[in-house]
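Enquirer: I am attaching a structure below and will ask some questions about it afterwards.
The values are calculated or read from the model by the stated rules, or taken from the named source; none is laboratory data. Just so it is clear, the model here is predicted, and its values are computed rather than measured. So basically every Cβ, Gly included, is an ideal-geometry build from the backbone, and we count neighbours across all protein chains shown.
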Amino acid sequence: MNVVAKLAVFGVGLVAVLGLGVAVGAAFGPTPSTKSGPASMAMVHTMVDGYDVELAREAGPDGRVDLSVTVRLDGASVTDLSDSSSGGSASADSVASAGRLVAVRVADLAYVPVHPLGVVDGASHFEATLAPTGTYRLFFDFARDGVVRTAEFTLDAGVAHDSSGMSH
C-alpha cells in the first residue's frame, strides 16, 4: 500500500509530493471496475449528496489529458464552490480552481500530478499526463457551505466509469 502526501509552501511556490510504501497485515487490492460501453465516451457523471458531478476529458499529445469537472444541483451549475484544501482561499496548488482533483494509477497506486488550469463557465479545468494504457482513480474534492464532498471516478484507457463502476 502507498501513502502519499502533497506539501505546499505558501508564498514560495514550492510543492513537494512524498510517497511511502507501507506493509499491510492482510491481503488488499483495488476493486475491479465493470468494463462495458464504448471506449470513445469522454464524459461521466456521479452523484454526491444530491450534487451531479460531471467529469469530461479531452486527450492531447504525449499522454496529456485535459479534464474538466462541473458540479450541478437540481440541474443548475453550482458556482460558489471553494477549494476544499484551503478553506476557500487560494493555495499554491489550486489557484483559481473550485476544487481539488487527485489521480492515482491503480496498477501500482502511484500518485499522478494534476495541475489546475482555472475555472471557465462554471467548470474547473485541470491537466494531467497519463500513460496510454492503464486504469486511474480520480477524486474531486469540493467544498460548499463549509461541507467537503468527494466525487470518485475511474478512468481506463478510453473508458470512464463513475464510482459504482458503471461505464458511460
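Enquirer: Could you check the stretch 103-118 and list, in sequence order, the residues that are in contact (Cβ under 8 Å) with a residue 40 or more places away in the chain and either in contact with a helix residue (DSSP H, G or I) (Cβ under 9 Å, 6 or more places away or on another chain) or of a type in the set (Val, Ile, Thr) (or both)?
Expert: VAL104, VAL106, VAL114
Enquirer: A follow-up question, please. Being modelled with pLDDT under 90 and either among the hydrophobic types (A, V, I, L, M, F, W, C) or touching a helix residue (DSSP H, G or I) at 6+ places or on another chain (Cβ under 6 Å) (or both) is the filter here; which residues of the stretch 133-168 pass it?
Expert: LEU155, ALA157, VAL159, ALA160, MET166
Enquirer: Considering only residues that are at pLDDT 85 or above and either farther than 21 Å from VAL53 by Cβ or in a strand (DSSP E or B) (or both), which ones fall in the stretch 79-111?
Expert: ARG100, LEU101, VAL102, ALA103, VAL104, ARG105, ALA107, ASP108, LEU109, ALA110, TYR111
Enquirer: Can we say ALA59 is among the aliphatic types (A, V, I, L, M) and modelled with pLDDT of 85 or more? Give the derivation first.
Expert: Values: among the aliphatic types (A, V, I, L, M): yes; modelled with pLDDT of 85 or more: no.
Criteria not met by ALA59.
Enquirer: Does any residue in the stretch 46-67 that is over 12 Å from SER124 (Cβ atoms) and buried (at least 19 other Cβ atoms within 10 Å of the Cβ) come within less than 7 Å, Cβ to Cβ, of a residue that is aromatic (Phe, Trp, Tyr) and modelled with pLDDT under 95 six or more places away or on a different chain, and which pairs are these?
Expert: Close Cβ pairs satisfying both conditions: THR46/PHE153.
Enquirer: Continuing with the same structure: Starting from residues that are within 14 Å of PRO116 (Cα to Cα) and among the charged types (D, E, K, R), keep the ones in the stretch 58-69 and report whichever is nearest to the chain's Cα centre (by Cα). Before the answer, list the steps.
Expert: As a first pass, look at the stretch 58-69 and keep what is within 14 Å of PRO116 (Cα to Cα): 64-69.
Retained after the next criterion (residues that are among the charged types (D, E, K, R)): 64, 66.
Numbers: ARG64: 15, ASP66: 12 Å.
Among them, the one singled out is ASP66.
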